[in-house]
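Notes follow the structure.
Every number in this text was worked out from the coordinates using simple rules, so none of it is lab data. From a predicted model like this one, the values you see are computed outputs, not experimental measurements. All Cβ positions, even for glycine, are placed from backbone atoms using ideal geometry, and neighbour counts span all protein chains on display.
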Amino acid sequence: MMISVKRILRSGWEKFSRDRSSTGAALVVMTVVLFVVSSLFLLQGMSTFLVERLEGGVDVSAYFKDTVSEEEIFEVRSQLLSLQEVKEAEYISREEALRRFVDAYRGQEEILAPLEAIGRNPLYAHLNVKARDPKQYDQIAEFLAGEAFASAIASIDFYDRAPLIERLSLITSGIRGGVLAVSAILSIIAVLVAFNTIRLTIYNSKEEIEIMRLVGASSWFIRGPFLVQGALVGATASFLTLLFLLAIGFFGSKPLYSFSGFDVFAFLLGHFFSLLLLCLAAGIGLGVLSAAIAIRRYLRV
């Protein structure tokens, strides 16, 4: 048994290393296929980052009356954080609100001049509330608009931002749906291309297969070397794909980061082992499965 396994492994390695034309073609196609698969992983990570960034830029603010103490505001904040819909609630004091306003409009005297004319801080202390899902902001706004907080809260800006939040929800849903659809289509195409390439590789050896079958070689002994060859093609293509991805990420990270804030190279390094396992599983799986299916027709003599 061990002798047969060793022969199969040796024969598979010889097919991989010596049959350079068919192996080279299969390797190129498999690398392209795995590059597409791993690019989908990267696209998924990028879309998640962009969606989170869009969602992070939206919040609901509750502005408190001047007569409300910080202790009362923190009590409201505590009640908000107890809600399942609330991700975070940041307290902004009147002084901090004024500092941020001045920093935001520094150099624009037409906006800052009225503050100096008033002679006091006209801004309210407030809570910036972020929801776990943009669709939950209306529930948070209803909670803040309840009678329990009527005497403390001066205004809630949700109703001004509602159209923006609704539009954001549609955009993020569209991004997720689009990425999922593209991933499904490209994955199907990748599998079909890999299968047909492996099948053409085996077609070049059909006479050898038929002769081995006629002289009494077992189906396993005939099939084994092609399965090993497919696995080697998949494994080699996996490492080549990762090298290409890292090179692209290294040289293309800065332009993309300046455009979107997404660091491709850092993402690849942070998910290196996940990508490696994905490529190995997809490459070896496709290589072995395609070889197993393609060789079946030539085993019937």
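Packing around the peptides 139-146, 127-134, taken as the average count of other Cβ atoms within 10 Å per residue, puts them in this order, highest first: 127-134, 139-146. Computed from the C-beta positions of A25 and L243, the FRET efficiency with R₀ = 22 Å rounds to 0.65. Once R0 is set to 30 Å, what does the formula 1/(1 + (r/R0)^6) return for the Cβ-Cβ distance between K87 and L276, expressed as a FRET efficiency to the nearest 0.05? The computed FRET efficiency comes out at 0.40. Compared with the alpha-carbon gap, the fully stretched path from S69 to R100 is longer by 9.1 nm at 0.36 nm per residue. The fraction of Cα-Cα pairs per 10 angstrom bin, counted from 0 for segment 59-161, comes to 14, 44, 29, 12, 1 percent, rounded to whole percents.
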